[in-house]
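Notes follow the structure.
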Amino acid sequence: QHYSYFTMGDATNYVDVSTRGVSKTFKAIVYAAAMCLQFPHYSVAVMAVSRGQVSADFETTFKKEICNKNSYFMAWLLNNGLITYKETEKGYGSSIIFLPAIDSSRGEHVQMLIVEECRLIKKTMVDSVGVPMLTLRQPQYKKNKAYSNYKSKFDIMKQVYITSNRFKNESEERRV
(Lines give C-alpha, C1' and ligand atoms only; values in the text may rest on other atoms or scores of the structure.)
Protein backbone atom coordinates (compact mmCIF):
# COMPACT_ATOMS: atom_id res chain seq x y z
CA GLN A 1 0.00 0.00 0.00
CA HIS A 2 2.85 2.42 0.73
CA TYR A 3 4.18 1.74 -2.75
CA SER A 4 0.96 3.03 -4.35
CA TYR A 5 1.19 6.34 -2.42
CA PHE A 6 4.80 6.75 -3.53
CA THR A 7 3.86 6.01 -7.13
CA MET A 8 0.91 8.45 -7.00
CA GLY A 9 3.27 11.14 -5.74
CA ASP A 10 5.93 10.41 -8.32
CA ALA A 11 3.75 9.98 -11.41
CA THR A 12 1.79 12.56 -13.37
CA ASN A 13 -0.60 9.84 -14.60
CA TYR A 14 -1.48 7.00 -12.22
CA VAL A 15 -3.79 4.08 -13.01
CA ASP A 16 -5.02 1.57 -10.42
CA VAL A 17 -6.97 -1.40 -11.74
CA SER A 18 -7.68 -3.71 -8.81
CA THR A 19 -10.27 -6.08 -7.47
CA ARG A 20 -13.16 -4.79 -5.44
CA GLY A 21 -12.56 -4.19 -1.76
CA VAL A 22 -8.94 -2.99 -1.84
CA SER A 23 -9.83 0.63 -1.03
CA LYS A 24 -8.88 2.28 -4.31
CA THR A 25 -11.18 5.25 -3.70
CA PHE A 26 -10.01 5.58 -0.10
CA LYS A 27 -6.34 5.63 -1.15
CA ALA A 28 -6.96 8.18 -3.89
CA ILE A 29 -8.93 10.54 -1.63
CA VAL A 30 -6.35 10.19 1.18
CA TYR A 31 -3.68 11.17 -1.33
CA ALA A 32 -5.81 14.12 -2.48
CA ALA A 33 -6.30 15.27 1.12
CA ALA A 34 -2.56 14.98 1.79
CA MET A 35 -1.75 17.12 -1.24
CA CYS A 36 -4.33 19.72 -0.18
CA LEU A 37 -2.88 19.84 3.34
CA GLN A 38 0.71 20.16 2.11
CA PHE A 39 0.23 22.80 -0.57
CA PRO A 40 -1.84 25.97 -0.16
CA HIS A 41 -4.38 26.64 -2.91
CA TYR A 42 -4.17 23.07 -4.25
CA SER A 43 -7.36 21.77 -5.87
CA VAL A 44 -8.51 18.24 -6.66
CA ALA A 45 -11.57 17.07 -8.59
CA VAL A 46 -12.97 13.59 -7.92
CA MET A 47 -15.08 12.63 -10.94
CA ALA A 48 -17.40 9.65 -10.63
CA VAL A 49 -19.84 7.98 -12.98
CA SER A 50 -23.02 9.22 -11.26
CA ARG A 51 -24.32 11.68 -8.67
CA GLY A 52 -24.99 8.75 -6.33
CA GLN A 53 -21.38 7.62 -6.54
CA VAL A 54 -20.17 11.20 -5.99
CA SER A 55 -22.36 11.44 -2.90
CA ALA A 56 -21.06 8.11 -1.59
CA ASP A 57 -17.46 9.18 -2.19
CA PHE A 58 -18.01 12.39 -0.26
CA GLU A 59 -20.27 11.17 2.56
CA THR A 60 -18.78 7.73 3.16
CA THR A 61 -15.17 7.87 2.03
CA PHE A 62 -14.23 11.46 2.83
CA LYS A 63 -16.43 12.49 5.77
CA LYS A 64 -17.02 9.17 7.53
CA GLU A 65 -13.91 7.12 6.77
CA ILE A 66 -11.16 9.73 6.44
CA CYS A 67 -12.31 12.68 8.56
CA ASN A 68 -14.17 10.93 11.38
CA LYS A 69 -12.72 7.43 11.60
CA ASN A 70 -9.11 7.24 10.42
CA SER A 71 -7.57 10.66 11.00
CA TYR A 72 -7.73 12.51 14.29
CA PHE A 73 -6.11 15.49 12.59
CA MET A 74 -8.72 15.64 9.83
CA ALA A 75 -11.47 15.24 12.46
CA TRP A 76 -9.97 18.15 14.39
CA LEU A 77 -9.84 20.29 11.23
CA LEU A 78 -13.46 19.39 10.47
CA ASN A 79 -14.69 20.05 14.02
CA ASN A 80 -12.89 23.41 14.18
CA GLY A 81 -14.33 24.68 10.91
CA LEU A 82 -11.09 24.43 8.94
CA ILE A 83 -12.64 21.93 6.54
CA THR A 84 -15.86 23.27 5.10
CA TYR A 85 -18.34 21.80 2.66
CA LYS A 86 -18.49 24.71 0.31
CA GLU A 87 -15.97 26.75 -1.62
CA THR A 88 -14.47 29.62 0.33
CA GLU A 89 -12.18 32.48 -0.56
CA LYS A 90 -10.62 32.64 2.92
CA GLY A 91 -7.76 30.84 4.56
CA TYR A 92 -5.73 28.02 3.17
CA GLY A 93 -7.80 27.73 0.04
CA SER A 94 -7.21 24.08 -0.87
CA SER A 95 -10.20 22.12 -2.07
CA ILE A 96 -11.46 18.69 -3.07
CA ILE A 97 -14.42 18.92 -5.41
CA PHE A 98 -16.67 15.88 -5.88
CA LEU A 99 -18.55 15.94 -9.18
CA PRO A 100 -20.34 13.59 -11.56
CA ALA A 101 -19.14 12.92 -15.10
CA ILE A 102 -21.70 15.14 -16.82
CA ASP A 103 -21.46 18.18 -19.09
CA SER A 104 -22.52 20.64 -16.36
CA SER A 105 -19.41 19.76 -14.33
CA ARG A 106 -17.29 21.89 -16.65
CA GLY A 107 -15.53 25.03 -15.47
CA GLU A 108 -13.59 23.96 -12.39
CA HIS A 109 -9.83 24.54 -12.24
CA VAL A 110 -7.83 21.85 -10.45
CA GLN A 111 -4.30 20.51 -10.28
CA MET A 112 -5.33 16.87 -9.83
CA LEU A 113 -8.12 14.93 -11.49
CA ILE A 114 -9.22 11.64 -9.93
CA VAL A 115 -11.51 9.60 -12.18
CA GLU A 116 -13.25 6.88 -10.23
CA GLU A 117 -14.48 3.75 -12.02
CA CYS A 118 -12.93 5.12 -15.19
CA ARG A 119 -13.90 2.04 -17.21
CA LEU A 120 -17.56 3.05 -16.80
CA ILE A 121 -17.06 6.65 -17.96
CA LYS A 122 -16.75 7.36 -21.67
CA LYS A 123 -13.31 8.58 -22.71
CA THR A 124 -14.88 11.48 -24.58
CA MET A 125 -16.47 12.67 -21.31
CA VAL A 126 -13.14 12.55 -19.46
CA ASP A 127 -11.35 14.28 -22.36
CA SER A 128 -13.97 17.00 -22.83
CA VAL A 129 -14.98 17.68 -19.21
CA GLY A 130 -12.29 16.34 -16.87
CA VAL A 131 -8.96 16.99 -18.57
CA PRO A 132 -9.72 20.65 -19.46
CA MET A 133 -10.12 21.32 -15.71
CA LEU A 134 -6.40 20.76 -15.17
CA THR A 135 -4.42 23.97 -14.63
CA LEU A 136 -1.07 24.69 -13.04
CA ARG A 137 -1.11 25.80 -9.41
CA GLN A 138 -0.12 29.43 -8.93
CA PRO A 139 1.29 29.56 -5.38
CA GLN A 140 1.68 32.96 -3.76
CA TYR A 141 5.45 32.62 -3.25
CA LYS A 142 6.02 32.64 -7.01
CA LYS A 143 5.00 36.31 -7.08
CA ASN A 144 8.30 37.05 -5.32
CA LYS A 145 10.99 37.61 -7.99
CA ALA A 146 13.47 35.43 -6.09
CA TYR A 147 11.21 32.39 -6.59
CA SER A 148 9.53 33.21 -9.91
CA ASN A 149 11.61 30.65 -11.85
CA TYR A 150 11.59 27.97 -9.13
CA LYS A 151 10.20 24.66 -10.36
CA SER A 152 8.71 22.25 -7.85
CA LYS A 153 7.86 18.67 -8.73
CA PHE A 154 4.46 19.32 -7.15
CA ASP A 155 3.64 22.26 -9.42
CA ILE A 156 2.41 19.88 -12.10
CA MET A 157 -0.97 18.57 -13.13
CA LYS A 158 -1.82 15.01 -12.10
CA GLN A 159 -4.34 12.48 -13.31
CA VAL A 160 -5.37 9.47 -11.22
CA TYR A 161 -7.56 6.79 -12.76
CA ILE A 162 -9.02 4.06 -10.55
CA THR A 163 -11.34 1.22 -11.46
CA SER A 164 -12.28 -2.32 -10.57
CA ASN A 165 -11.16 -5.03 -12.92
CA ARG A 166 -13.67 -7.39 -14.43
CA PHE A 167 -13.81 -10.65 -16.27
CA LYS A 168 -14.19 -10.72 -20.03
CA ASN A 169 -17.60 -12.39 -19.76
CA GLU A 170 -19.06 -9.66 -17.50
CA SER A 171 -21.39 -7.17 -19.14
CA GLU A 172 -20.54 -3.48 -19.40
CA GLU A 173 -23.61 -2.62 -17.33
CA ARG A 174 -22.93 -1.46 -13.81
CA ARG A 175 -24.04 -3.94 -11.17
CA VAL A 176 -25.61 -2.60 -8.00
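The values are calculated or read from the model by the stated rules, or taken from the named source; none is laboratory data. Just so you know, these numbers come straight off a predicted model, no measurement behind them. Here the Cβ positions follow ideal geometry from the backbone for every residue, glycine too, while neighbour counts run over all protein chains shown. All accessible areas refer to the heavy atoms of the entire protein, side chains included, with ligands and DNA or RNA removed. Shrake-Rupley method; radii C 1.70, N 1.55, O 1.52, S 1.80 Å.
Below are the figures for this structure:
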{"read-out": "Rounded to 10°, Cα long-axis angle of helix 24-38 versus longest principal axis of the chain", "value": "10 degrees"}
{"read-out": "Calculated FRET value between Asn144 and Phe26, using beta carbons and R₀ = 35 Å, to 0.05", "value": "0.40"}
{"read-out": "Relative packing of peptides 12-25, 138-151 - highest average C-beta neighbours within 10 Å first", "value": "12-25, 138-151"}
{"read-out": "By average C-beta atoms within 10 angstrom, highest first, the peptides 5-11, 66-72", "value": "66-72, 5-11"}
{"read-out": "Projected label distance in nm at Asp103 and Tyr5, using a 7 Å step from Cα toward the beta-carbon", "value": "4.1 nm"}
{"read-out": "Spacing of the two label points (7 Å from each Cα toward its C-beta) at Ser164 and Arg51, in nm", "value": "2.3 nm"}
{"read-out": "Ellipticity estimate at 222 nm from DSSP helix runs (n ≥ 4, -39,500 (n - 2.57)) divided over the chain, nearest 500", "value": "-6000 deg cm²/dmol"}
{"read-out": "Spin-label model distance (nm) - Trp76 vs Thr60, 7 Å beyond Cα toward Cβ", "value": "3.0 nm"}
{"read-out": "Too-long pairs where the Cα-Cα distance tops 22 Å, listed order kept, from Lys63/Lys123; Lys24/Lys123; Lys63/Lys142; Lys64/Lys122; Lys27/Lys158", "value": "Lys63/Lys123; Lys63/Lys142; Lys64/Lys122"}
{"read-out": "Solvent-accessible area per residue for the chain (1.4 angstrom probe, square angstrom)", "value": "62 Å²"}
{"read-out": "Percent carbon-and-sulfur accessible area, the stretch 32-128, ignoring ligands, DNA and RNA, probe 1.4 Å", "value": "55 percent"}
{"read-out": "Estimated FRET transfer efficiency when R0 is 25 angstrom, pair Lys122-Thr12 (beta carbons, to 0.05)", "value": "0.65"}
{"read-out": "Cβ charges +1 (Lys, Arg) and -1 (Asp, Glu), total dipole of the chain, debye", "value": "280 debye"}
